[in-house]
1. Based solely on its DSSP helices, what 222 nm [θ] is calculated for chain B when runs of n ≥ 4 H residues each add -39,500 (n - 2.57) and the sum is averaged over all residues, nearest 500 deg cm²/dmol?
2. Which angle from 0 to 90°, rounded to the nearest 10, does the C-alpha axis of helix A:328-345 make with the longest principal axis of chain A?
3. Between B:I53 and B:D238, what is the FRET efficiency for a Förster distance of 22 Å, r being their Cβ-Cβ separation, to the nearest 0.05?
4. Per residue, what accessible area does chain B have, given a 1.4 Å probe and all protein chains present, in Å²?
5. Within segment B:361-401, list the residues whose amide N lies under 17 Å from a label point set 7 Å along Cα→Cβ of B:D511.
6. Between B:R152 and B:E95, what is the label-point separation in nm under the 7 Å Cα-to-beta-carbon projection?
7. When the label point is put 7 Å from the Cα of A:L78 along its Cα-to-beta-carbon vector, which residues of segment A:143-170 have a backbone N closer than 20 Å?
8. With axes computed from alpha carbons, what is the tilt in degrees of helix A:4-24 against the longest principal axis of chain A, rounded to the nearest 10 within 0 to 90?
Amino acid sequence: MLDLPLVGALVATACFGLVVLYGASGEDSGTVIRQAVRLAMGLTAMTVIACISPHLFRVWAPAFYALGIVLLVMVAFLGEGRGAQRWLDLGFLRFQPSEILKLSLPMMLAWYMHRSSLPPGWRQLLVSLVIVAVPAVLIARQPDLGTAMLVATSGLFVVFLAGLSWRLISFFCVSAMALAPVLWHFMHDYQRGRVLTFLNPESDPLGSGWNIIQSKIAVGSGGLFGKGWMNSTQAHLEFLPERSTDFVLAVLAEEFGLLGVLLLFALYLYIIGRCLWLAGQAKDSFSRLLAGALGLTFFVYVMVNAGMISGLLPVVGVPLPLISYGGTSLISLLTSFGLIMSVYSHRRLLNRY
Amino acid sequence: MKAPARKPVRDAVREAAIFRARAQTGFLLVCLVFAVLSGRYFYLQVISHDEFITRAEDNRVKYRALAPNRGLIMDRNGVILADNRPAYRLELIPEQVPELDATLAELGELLEISDADIQRFHKLRKARRSFQAVPLKLRLDEAQVARFAVDRHHFPGVDIVPYQTRVYPLGENLAHVVGYVGQLDADDLRSVDSGRYAATSHIGKIGLEQAYENMLHGEVGREKVETNVQGRILRSLDKAPAQPGHNLYLTIDSTLQQLAMASLGDYTGAIVAIEPGSGEVLAMVSQPGYDPNAFVAGLSVADYQALIQSSRRPLFNRALRGGYEPGSTIKPYMALAGLENGIIELDTTMMSRGYFQLPGQPRRYRDWKRGGHGEVDVVKALEESVNVFFFDLASKMGIDAIHAYLDQFGFGRPTGIDLNGEAKGILPSRAWKRATMGEPWYPGETVIAGIGQGFNVTTPLQLAHASAVLAARGESGQPHLVRHVGFEPAAGDADQPVARPVTRISAARADHIEAVIDGMIAVVHGKRGSARAIAADKPPFVMAGKSGTAQVFGLAQDEEYVEDEVPRHLRDHALFVAFAPADQPSIALAVVVEHGGGGSTVAAPIARQLIDAHLGHGTEEIAAQ
């Protein structure tokens, strides 16, 4: 049921992550063990999902989507968290409903696209936009703009892969750019601050520009070969913030140099390529679109995080997939790989749509 | 495309081909982005490597934050109420201290550092970056500075740094107005912009220091410094000096304030004096006060507990937050309400026989004077504080009209003065009682509301403000303590006045207001005026006043209140509101003396004394005191 080349690449990347985490956490084996346990849980979840037929996901997609929306609405009223309301406490567990949307939104859109003949036209585009906008607005209001954009992107990939005409795509892009000032108007002050700091980090070197400056110093001082494992001065002198979570790539870049970064990129590129290939093998459009969109979404995570670490993109709270310390995102990520593999391994069963 | 009937005939092969084409395009874009990212990392790690390696090595070159000087606070005559004085504090830069605990222990032996200092240091350290200096002990004396200077080389990362500390020259006289600054703690750092407070050790905790923190603080400066291995600063590379905070120029007259504070003597209580019309607060006193300077240096736990647990509650701002039954001080507003609502006319009289009864009810609402006052009109009703007149008036007017009219004077809601934490008091109404007690309004409650008893609760500030509105003939600005914020005193009319809301009573007829004021003048100057004792010397000005008594405990209907037989803490609160000169008032005030007994005996003389001082009358006697 599992696609061994993909599993191999995922495990290799995650193990690389554990090695980096050991250095980044200040040689704390507890951190590494906790992360390894989560990795094992994630791989188990992935295997289970891979064994389930995508037919089942398709049937349940609308219900799953609706559940996610209901939970998001609940968060708006009952959620907790410092400053932002992102968490839902069910007594026995606490989680971010936005994680569910990372899977259920592309599933819903794939289900919707699957219902009619492709490529989609105007009408499908408009309905899709509504399906995307409802959860995206709810998440953005938490406020968690980063996740909202990622979730929205995963949905738009489905539409893109379904073959939306280039004319409509360009029209859509132009409209989105025209709406940027409106978005700016609705942003929170701290979000605007992040954008302004991104444009000129030196304007506030002790405050919000700190992260970007220190991160770039870490990356740049790593050089071609790096300072060596556990030799990150930026991290060990605590110049680098959140060095085990969102900024772990800066530690990797400082300790393993450009070669380490390129190795990681190569692994990521292989994973993405493999996902798209697996998706292409599926026989029905639901499976194809879902798997393809999940693969491309994974790429966006990498792009946003690597862009932020190197100062190409503003700082948003996005972890580096498979490397950053933290459980929820790792598990939902591996679950999505489980979905992709399920699509591939059940392709013959779904010959008829 | 042929129009399909219902389900379109799907071209599975074509759909798969479309997907594959899109997936390939997508992958191409992915590769392109990875190429861009790789290029960016190549640029940072190979091309700019030398620059960044220097910057990483150069962690010894640091940004040091420079604390701004806090703005000063001055009274209306330029007397300084909050000043800055140079002092020295001991600071640690945690990153540069090799063994923190050992160093703290050694420093403790050398410089008498308390456990509280160390606890605060650890809390503060967590909220700041490891290269930022964290204060350990403030206000070092000269001997300590000298002792440390000798041993300085033993303590890398530790330094004595000059800073400005806050001093309140008038101490407890203005503690409740000016407030104080206290040491910035980790909680404060979470609520402020930590960059802006990177070098600041104190923050406004209460009073104007807190309410105007943003303006007083100023803007942090930045210095780029070169340091050696031990972290000692070798030279300054670049400097952006700190911008000092704005000064506050208050409406307070500190002479009047001190006199008001002294006038209460041993009593607890509150006094608020306001300039009618403008709403400028001339004095705002809550007795007892406390020494704000003690809070700046850091109070010991025992001292703080003593302040908190004191039965006299020195930390409680009675002027702003104290709630008192207004008693008879409400009568002028009731009288005006009656006139304006057409319940009584200027020439309406009634017969006072010493009690009032609601039709068909046995209960007698008694006057303070047995046998009554005889024939009473509105002026006499105020002069002699005739309860029965107001029982009758209130019962005829009804609680809805009373509430509607008195609301215009600002009773039952905060005045909006520029201090935090103002209490709103209670101006009872049907809706209020339903909402808070879930009960309907009873006619008997209207009767006692007419003499300011029952549910009525006001703050001294509200009383003073309402009296200022009346004194200014129906229109007065929102009470405020800060006249001007800036670097120089406001130049009179050239100064841009801050737009403030104005309290205005609707459609008050001038002759109605004058009649009420005549009644209040008679209180002080009349033959039978309830406070005539304070004008027995025939002062060269006319003042208007009204006494009041706030019950502390309820008497049974047939009990007599004999002041001397009641223990002091159960005695009634004495109230007096006044303004002068009556025709063109420049001061309106409210005096509340807790457990002072009747309003005219204790509170009224205080009001007279303050008005004398304000109008420059009898200053010789005051100076002689």
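1. On the way: 23 runs with 220 residues, N = 625.
Using -39500 (n - 2.57) per qualifying helix, the result is -10000 deg cm²/dmol.
2. Tilt relative to chain A: about 40 degrees.
3. 0.55
4. 45 Å²
5. The answer is B:377-380, whose backbone nitrogens lie closer than 17 Å to the label point.
6. It works out to 2.2 nm between the two label points.
7. Counting backbone N atoms under 20 Å from the label point, the list is A:143.
8. Helix A:4-24 sits roughly 30 degrees off the main axis of chain A.
The values are calculated or read from the model by the stated rules, or taken from the named source; none is laboratory data. Remember, it's a predicted structure, so these values are computed and weren't measured experimentally. Glycine also receives a Cβ, built like all others from the backbone with ideal geometry; neighbour counts cover every protein chain displayed. Surface areas here come from the heavy atoms of the whole protein model, side chains and all, with no ligands, DNA or RNA. Shrake-Rupley method; radii C 1.70, N 1.55, O 1.52, S 1.80 Å.
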